[in-house]
Amino acid sequence: MNANVQSTADPIILCRDVHKWYGHFHALRGINMEVRRGEVVVVFGPSGSGKSTFIRTINRLEEHQRGQIIVDGIELTHDVRNIERIRMETGMVFQQFNLFPHLTVIDNITLAPIWVRGWTKAQAEEIAMQLLKRVGIPEQARKYPGQLSGGQQQRVAIARALAMQPKIMLFDEPTSALDPEMIKEVLDVMVELAESGMTMIVVTHEMGFARAVADTMYFFDQGQIVESGTPDQMFGDPREARTKLFLSQVLSH
Amino acid sequence: MSANTPTVSKTAEALPPPTERYSVVRWLHKNLFSTWYNALLTIVMLALAALLVRGVLEWALAQARWEVITANLRLFMVGQYPVMALWRIWACVALLAFLIGMSWGIWGRMQRGGAIAFGALPFILAIITSDESSRLALIITGVAGVIGYALSWRWGAALQRVSIIGWILYFPILFVLVNGFGAEESVLPTVPTNLWGGLLLTLLLTVVGIAFSFPLGVLLALGRQSKLPVVSWLCVAYIELIRGVPFISVLFMAQLMLPLFLPGVTIDRVVRAMAGVVIFSAAYLAENVRGGLQSIPRGQYEAARALGLSSWKMTLLIILPQALRAVIPILVGQFIALFKDTSLVVIVGLLDLMGIARTVLAQPDFLGLQAEVYTFVAFVYGVFCYLMSAFSQRLEATLHAGR
């Protein structure tokens, strides 16, 4: 449980009845979620359940077609300035890392602070080096992403997102593309981040991580939230049969 | 654990790869005489090659009348550019040598052999030439190159910015020097473009063609992907229209139509030809760049957007650098094609390298020397195309460092 969570009166993310269609396919079917400052949310569920789509609507990589999403007091609409403001406050880490292969590690991290926040190069590099130390790979600063292992690349991606000093971090299956021996090094960084009080939404199947740091867990299926609760409730006494079945499949191996 | 589990040695030793014994005889046997029919093929081909080489050498060394080249060398190089103003061309060449030397020292330190060969070239030419003023100019060129190289060895990376600024400034300087300004008596009297010719004109058409069609092509490629229907429709229309028309007709259109569209404004004939080259080349470049743009995975766009980059910053910082890098070989192929296509300006009455070749062949003294003249022209085109292609390979290797 996280001591940093603040009162429910002040949600940093508020989703009301969010719907999303891909053509005729109804991908999100009325999602309601409130995330408080400092809360760590884990979203899990079978593939195709809409959990990635949902997390991507929060920084408008996917557009929702009905309902309301309010991030840090700003409502997501078609207004480009609102979208860019929300993206500045929201860091995102992807399954496939999506580092910029033509830039060195340090340039990957400093690019957005320099070009979006307007920091000087020296300022941005200083912060970048601090972040690289925090994720444990300062010695890789001058290398290109292609020269790093998957786990190192994902840690750079986390540092890149943190360099913008976001209020919220979104993780879209951050360990799913990693070899087993590299998952831990990435999860360790995420645990440290959660303990530092960062607001996080994490889409993952890593139930050990969820048990250790999640404040709230949401089980998605067929574009809906089937069930939510604390890890104790979810692992100890899930109410819904679908949740039980899924958890038994995930935890059995 | 069951008893028949294979035992694993403590540490598997790292062994060197198996080496193949290498000898001339073995190589010959393996590659040329492995079977009786391969042996036969080798012998027949060798005989044919020997015949061909003998024929070419006999012609080149004994029969060919190369004096047609030496007597007209100035025509081939600069056309009818006035002798009094030739120093301006040489100044451009020397400045170019200086910049190449400097850039080579900064970015190409590994290619020391190439640098020495390249640097020696002007001095070797200076020894060969019989013309005193050319010899002096060639020596100055060589020295300029050596100085540039030496400077960059001494100060290296500190000169990077200087050399980039130098390259950017080079092109305006080139035009001021070649074109000149002011009256007959001034320091740099204007040389009318109808006197420009030969290799000089070919290279100017190429440089202007590349310098203007490249940005235009990139803009067209981006425009084609635009979400605004008017923009993308216009770009598609332009690209498909130009690609559906032969280069010669674009050149004719530029010569004949531009004055019609812009009445009252007289546009120089050479400038009109340059416009034709740019218009034509941009459409092809746009399609090549589009190929690069389409090779960028979605994740790159998403990562850039998620960081809060605006559309144009994303395009300039993330998408274009990767897209252009991916299509360097195709782009350079397009530039080489452009270089060779400039020979078609003969059709609209300009005397580029190919045009000069035809006027030389029309001189009564040199009738019937097509073989010599066209061999020489082909050689010059070949050398420049090779240099462009070699440069592109170096560029690719440098840009892909660490990937």
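The values are calculated or read from the model by the stated rules, or taken from the named source; none is laboratory data. Quick caveat, the model's predicted, so the values are computed rather than measured. So basically every Cβ, Gly included, is an ideal-geometry build from the backbone, and we count neighbours across all protein chains shown.
Among the conditions (1) in a helix (DSSP H, G or I); (2) touching a residue at least 60 places away in the same chain (Cβ under 8 Å); (3) not charged (D, E, K, R), B:V191 misses just one, which is (1). Screening segment A:168-253 for helices (runs of 4 or more DSSP H) wholly inside it with 3 or more residues that are within 13 Å of A:V40 (Cβ to Cβ) returns the ranges A:180-195, A:207-213. Among the residues making up segment A:72-104, those that are of a type in the set (A, V, I, L, M, F, W, C) and within 7 Å of another protein chain (Cβ to nearest Cβ) are A:M88, A:M92, A:F94, A:F100.
Only one entry in B:L86, B:L121 is assigned by TED's automatic domain parsing to the domain that holds B:I168, under 21 Å from B:V178 (Cα atoms) and modelled with pLDDT under 90, namely B:L86. Of the residues A:T216, A:T204, A:T199, the single one that is touching a Lys or Arg at 6+ places or on another chain (Cβ under 7 Å), buried (at least 16 other Cβ atoms within 10 Å of the Cβ) and at negative phi is A:T199.
Counting only residues that are part of a helix (DSSP H, G or I) and of a type in the set (S, T, N, Q), which one in segment B:272-297 is farthest from B:Q334 (Cα to Cα)? Checking each candidate, the answer is B:Q294. One residue alone among A:A128, A:A124 is in contact with a Pro (Cβ under 6 Å, 6 or more places away or on another chain), buried (at least 22 other Cβ atoms within 10 Å of the Cβ), under 24 Å from B:I319 (Cβ atoms) and away from chain B (no Cβ under 12 Å), and that residue is A:A124.
Of the residues B:L344, B:L350, which single one is within 24 Å of B:V208 (Cβ to Cβ), of a type in the set (A, V, I, L, M, F, W, C), under 22 Å from the mean Cα position of the chain (by Cα) and part of a helix (DSSP H, G or I)? B:L344 is the lone residue from the list that is within 24 Å of B:V208 (Cβ to Cβ), of a type in the set (A, V, I, L, M, F, W, C), under 22 Å from the mean Cα position of the chain (by Cα) and part of a helix (DSSP H, G or I). Of the residues that sit in segment B:300-332 and are without any contact (Cβ under 8 Å) to a residue 24 or more places away in the chain and more than 7 Å from chain A (Cβ to nearest Cβ), which one is nearest to A:I109 (Cα to Cα)? Here the residue is B:A304. Tally the residues that are closer than 12 Å to A:K51 by Cβ and within 17 Å of the chain's Cα centre (by Cα), restricting the search to segment A:198-253. Qualifying residue count for the region: 9. The lone criterion from (1) within 12 Å of chain B (Cβ to nearest Cβ); (2) assigned to a loop (DSSP other than H, G, I, E, B) left unmet by A:G146 is number (2). For A:T57, are the conditions met, namely being more than 16 Å from B:G299 (Cα to Cα), of a type in the set (S, T, Y), part of a helix (DSSP H, G or I) and within 14 Å of chain B (Cβ to nearest Cβ)? Spelling it out, it is not the case that A:T57 is more than 16 Å from B:G299 (Cα to Cα), of a type in the set (S, T, Y), part of a helix (DSSP H, G or I) and within 14 Å of chain B (Cβ to nearest Cβ).
You will find that of B:V68, B:V25, the residue that is assigned to a helix (DSSP H, G or I), within 29 Å of the chain's Cα centre (by Cα) and either among the aromatic types (F, W, Y) or not assigned by TED's automatic domain parsing to the domain that holds B:V380 (or both) is B:V68 and no other. Within segment B:288-299, the set of residues being exposed (fewer than 15 other Cβ atoms within 10 Å of the Cβ), within 11 Å of chain A (Cβ to nearest Cβ) and more than 17 Å from A:M92 (Cβ to Cβ) is empty.
Do we find a residue being more than 24 Å from the chain's Cα centre (by Cα) and farther than 23 Å from B:W107 by Cα anywhere in segment B:171-178? Checked against the condition, which is being more than 24 Å from the chain's Cα centre (by Cα) and farther than 23 Å from B:W107 by Cα, segment B:171-178 yields no hits at all.
Taken together, the criteria exclude B:L350 from residues that are away from every other protein chain (no Cβ under 12 Å), surrounded by fewer than 22 Cβ atoms within 10 Å (Cβ to Cβ) and modelled with pLDDT under 95. Is it the case that B:L121 is within 30 Å of B:L204 (Cβ to Cβ) and in a helix (DSSP H, G or I)? Spelling it out, B:L121 is indeed within 30 Å of B:L204 (Cβ to Cβ) and in a helix (DSSP H, G or I). B:G148 meets the stated requirement of being without any contact (Cβ under 8 Å) to a residue 60 or more places away in the chain, crowded, with 19+ Cβ neighbours inside 10 Å, part of a helix (DSSP H, G or I) and under 24 Å from the mean Cα position of the chain (by Cα).
Identify the residue in segment A:60-71 that is surrounded by 15 or more Cβ atoms within 10 Å (Cβ to Cβ) and part of a strand (DSSP E or B) and, among all such residues, is nearest to the other protein chains (Cβ to nearest Cβ). In this case the residue turns out to be A:V71. None of A:I158, A:I183, A:I201 is without any contact (Cβ under 8 Å) to a residue 40 or more places away in the chain and within 29 Å of A:A112 (Cα to Cα) except A:I183. Among residues of segment A:114-142 that are outside any helix (DSSP H, G or I), those with a Cβ under 7 angstrom from a residue that is not hydrophobic (A, V, I, L, M, F, W, C), sequence gap 6+ or separate chain, pair up as A:W119/A:P113; A:V135/A:R155; A:G136/A:R155; A:I137/A:Q152; A:I137/A:R155; A:R142/A:T104. Scanning segment A:107-121 for residues that are within 13 Å of another protein chain (Cβ to nearest Cβ) and among the β-branched types (V, I, T) turns up A:I109, A:T110, A:I114, A:V116.
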